[in-house]
Amino acid sequence: MTDDGFVVWFTGLPGAGKTTIASIIQATLRGRGAKVELLDGDEVRTWLSPNEGFSREDRERHLRRVAHVCELLSRNGIIVLASFVSPYRSSRDYARSTIGNFVEVYVKCSLETCMRRDPKGLYKKASAGKIGNMTGMQDPYEEPTSPEVVIETETSTPEDSARVVLTRLAVLGRLR
Ligand SMILES: Nc1ncnc2c1ncn2[C@@H]1O[C@H](COP(=O)(O)OP(=O)(O)OP(=O)(O)O)[C@@H](O)[C@H]1O
Ligand SMILES: [Mg+2]
């Protein structure tokens, strides 16, 4: 473990597995005695951006705030796991340039599988017209062009996915 904080930013479609994988990594790193904070989509939204919705502008405004929180924590030696759909490249690029110690993990999964998993029932609601701006349906998801890690959650288990990320962090010199 180095003493420097850094940010692992998980991006991907709703239901791709970001929270599932980030939670395993959090438990593993805490078990090794690291200071880790998981900033997770919906929970963070309620206190950081209670008045924002899901338009492109609102998502970008929210994620700019998230990026600054990540920067403050990581600057103080904390490993930050940031789990956000973050569908626009511009938001992720903003985070990357604001944070510096930034590792982008693309949690990749087909829309079909995400819709089948539908852990929060959001795809069902969007299909029924009960919510709008659903990423993958009404709204776009812009795939990362050069993420540090790509995880294919259709072909690997959550535990294997977490191991792949941890190994990559070690190779990148972020973890001992
Ligand atoms: N290999 C895998 N990796 C991660 N999750 C998987 C995998 N295989 C199946 N799953 C399941 O897929 C679902 C992923 O849900 P999760 O809440 O982690 O997605 P998410 O990307 O955080 O979505 P959201 O953006 O809506 O928060 C869980 O029910 C999980 O058990
Ligand atoms: Mg999640």
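State the extension gain, in nm to one decimal, for the chain segment bounded by GLU159 and ASP118, taking 0.36 nm per residue of separation less the distance between their alpha-carbons. Present the calculation step by step, with values, prior to reporting the outcome.
Details: separation 41, 0.36 × 41 = 14.76 nm, distance 1.98 nm.
Roughly 12.8 nm would be gained on extension.
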Starting from the Kirkwood Rh over alpha-carbon pairs, what translational D in µm² s⁻¹ does segment 6-171 have by Stokes-Einstein at 25 °C and 0.890 mPa s? 153
Where does each of LYS125, LYS108 land when they are ranked from fewest to most other beta-carbon atoms within 10 angstrom? LYS125, LYS108
Give the cross-link partners of LYS130 among the lysines, using a straight C-alpha distance below 23 Å as the criterion and excluding same-chain residues fewer than 8 apart. LYS120
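So what is the relative contact order of the chain, in percent, for Cα pairs below 8 Å that sit 6 or more residues apart?
Details: 283 pairs, mean separation 61.3, N = 176.
That works out to 35 percent.
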With labels modelled as points extended 7 Å from the Cα through the Cβ direction, what inter-label distance (nm, one decimal) is found for SER110 paired with LEU72? 4.3
Label-to-label distance, nm, for residues given as SER146 and SER55 (7 Å Cα→Cβ offset): 3.3
Residues meeting the amide H criterion for ASP139 (H placed from the backbone, H to H distance under 5 Å, 5 or more places apart or on another chain) are MET134
Between segment 71-120 and segment 25-54, the Cα center-to-center distance that results, in Å: 11
Taking the Cα centre of segment 1-107 as origin, sum charge times position over the Cβ atoms of Lys and Arg (+1) and Asp and Glu (-1), and report the length of that vector in debye to the nearest 20. 100
Going by C-beta contacts inside 10 Å, put THR98, THR153, THR11 in order with the fewest on the left. THR98, THR153, THR11
Scan around LYS35 for amide H atoms under 5 Å from its own, H built in the peptide plane at 1.01 Å from N, and keep only partners 5 or more places away or cross-chain. ILE79
What is the set of long-range amide H partners of TRP9 at a cut-off below 5 Å, with H atoms built 1.01 Å from backbone N? ALA82, VAL103, GLU104, VAL105
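A short reminder: the numbers here are calculations on the coordinates, not readings from a lab. As the structure is a computational prediction, the values presented were derived from the model and not from experiment. We place every Cβ from the backbone using ideal geometry, glycine too, and count neighbours over all the protein chains shown.
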